[in-house]
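See below for the structure under consideration.
The values are calculated or read from the model by the stated rules, or taken from the named source; none is laboratory data. All figures in this text were calculated on a predicted structure; none of them were measured in a lab. When we count neighbours, we look across all protein chains shown, and the Cβ atoms used for this are built from the backbone with ideal geometry, even at glycine. Accessible surface areas use protein heavy atoms only, side chains included; no ligands, DNA or RNA. Shrake-Rupley method; radii C 1.70, N 1.55, O 1.52, S 1.80 Å.
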Amino acid sequence: MARIIAGIGASHVPAIGAAIDNGKTEEPYWKRVFSGFVKSQEWMRQAKPDVAIIVYNDHASAFSVEMIPTFALGCAAEFPPADEGWGPRPVPVVEGHPALASHIAQSVILDEFDLTICNKMEVDHGMTVPMNLLFGKVDKDSHWPCPVIPLAVNVVMYPPPTGHRCYMLGKAIRKAVESYPEDLRVVIFGTGGLSHQISGPRAGLINSKWDKAFLDNLSKNPKKLIKIPHVDYMREAGAEGIEMVMWLIMRGALDDKVDEVYRFYTVPASNTAVGHIILANRSRAKASGKHKRAAARAKVERKRS
Ligand code: DHB
Ligand code: FE
């Protein structure tokens, strides 16, 4: 059976993608940001997930004001990087997992979450930037390390879904994954945020106190977060801070009690506070005997070489 082994939260600032694509990661401003993901990339290499479900938001790339799905699940075999105005990012096409994605669609829709199914979709910085942060730079002609199931959430046009709805969808996704017969190790990403506002009189707003409390509660007391109304995100975390509700889908897909593996927070990247967390499911232990043996073998091999 498939299992969710961990949840990952990561910001998606487009300038992070530009820094990678233009070879600026060693510049002091960017080094500060990327230094926070070195351990995470090592964690990811060790974890070797078979599939990643990435909860993200589209920024008028695949969708527009003409079509605004609240939740859209990518069931295609591949998702090309979108042209966001200066050509598609030089990253590989994202390979999907149509079998697991269709299974999730069926399970979650029959559980009364009315997902939109996308059999053709391009993905923008909202997805490819967190992928780079966790998987590192991947050559355009190479492959991302695992297939990805994108779940796009509307946080761009009012009304976005509530934090509670997101959390409950996470639970339904977990149930769907755990009813998939193949032994897959799945990670789920919640992306976007943390506090930021990119236009209007409050442009540049960052609220580190709010962000840190969000990360604390995400780890230890997520039920507190699901009660937060949209207006509080807007007021405290800026207009684009509402992206943070996507992290609650990831959190809903995890155990009530999780192990916080890693956390990183830095201010700013462009106009945004960059937050990152890795939360491991305690119940992963049941399914991970095979993986633990493989990880132990890999460790021995690394020591030898
Ligand atoms: C910025 C952040 C975002 O989340 C986004 O989608 C666009 C820009 C920024 O900080 O520049
Ligand atoms: Fe954004």
Checklist entry - Within segment 106-137, which residues are part of a helix (DSSP H, G or I) and aromatic (Phe, Trp, Tyr)? => result Phe135
Checklist outcome for this item: Selection from segment 259-276 of residues closer than 15 Å to Arg202 by Cα and within 18 Å of the chain's Cα centre (by Cα) yields Thr272, Ala273
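Only residues that are open to solvent by 10 Å² or more (accessible area, probe 1.4 Å) and either among the hydrophobic types (A, V, I, L, M, F, W, C) or closer than 17 Å to Ser11 by Cα (or both): list them for segment 244-266, please.
Going residue by residue through segment 244-266, those that are open to solvent by 10 Å² or more (accessible area, probe 1.4 Å) are 255-266.
Listed by number, the residues that qualify are Val258, Val261, Tyr262, Arg263, Phe264, Tyr265, Thr266.
Answer yes or no as to whether Asp50 is within 17 Å of Lys120 (Cα to Cα), of a type in the set (D, E, K, R) and at pLDDT 95 or above. Quick ask: steps written out before the conclusion?
Details: within 17 Å of Lys120 (Cα to Cα): no; of a type in the set (D, E, K, R): yes; at pLDDT 95 or above: yes.
The answer is no for Asp50.
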Checklist outcome for this item: Every listed condition ((1) closer than 25 Å to Ala2 by Cα; (2) within 16 Å of ligand 1 (Cβ to nearest atom)) holds for Ile173 save (2)
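Just the residues that are of a type in the set (A, V, I, L, M, F, W, C) and surrounded by fewer than 19 Cβ atoms within 10 Å (Cβ to Cβ), please, taken from segment 31-49.
To start, the set of residues in segment 31-49 that are of a type in the set (A, V, I, L, M, F, W, C) comprises 33-34, 37-38, 43-44, 47.
The answer is Val38, Trp43.
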Item to check | In segment 1-52, residue farthest from Leu134 (Cα to Cα) [restricted to those that are more than 16 Å from ligand 1 (Cβ to nearest atom) and of a type in the set (S, T, N, Q)] | outcome: Thr25
Next on the checklist: Condition first: hydrophobic (A, V, I, L, M, F, W, C), free of Cβ contacts under 8 Å to residues at least 40 places away in the same chain and either part of a strand (DSSP E or B) or surrounded by fewer than 16 Cβ atoms within 10 Å (Cβ to Cβ) (or both). Now tell me which residues in segment 57-98 satisfy that.
Outcome noted: Met67, Ala77, Trp86
Checklist entry - Name the residues in segment 24-34 that are closer than 23 Å to Met127 by Cβ and in a helix (DSSP H, G or I), would you? => result Trp30, Val33, Phe34
Checklist entry - Among the residues of segment 153-164, is there at least one that is surrounded by 17 or more Cβ atoms within 10 Å (Cβ to Cβ), over 30 Å from Ser102 (Cβ atoms), touching a Ser or Thr at 6+ places or on another chain (Cβ under 8 Å) and not acidic (Asp, Glu)? => result no
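Taking segment 183-204, which residues are surrounded by fewer than 20 Cβ atoms within 10 Å (Cβ to Cβ) and within 14 Å of ligand 2 (Cβ to nearest atom)?
First pass over segment 183-204, keeping only residues surrounded by fewer than 20 Cβ atoms within 10 Å (Cβ to Cβ): 183, 198-204.
Correct list: Ile198, Ser199, Ala203.
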Checklist entry - Are there any pairs with C-beta distances below 6 angstrom linking a residue in segment 104-128 that is more than 15 Å from Tyr56 (Cα to Cα) and open to solvent by less than 10 Å² (accessible area, probe 1.4 Å) to a residue that is within 16 Å of ligand 2 (Cβ to nearest atom) and of a type outside the set (Ser, Thr, Tyr), with the two at least 6 apart or on different chains, and if so which? => result none
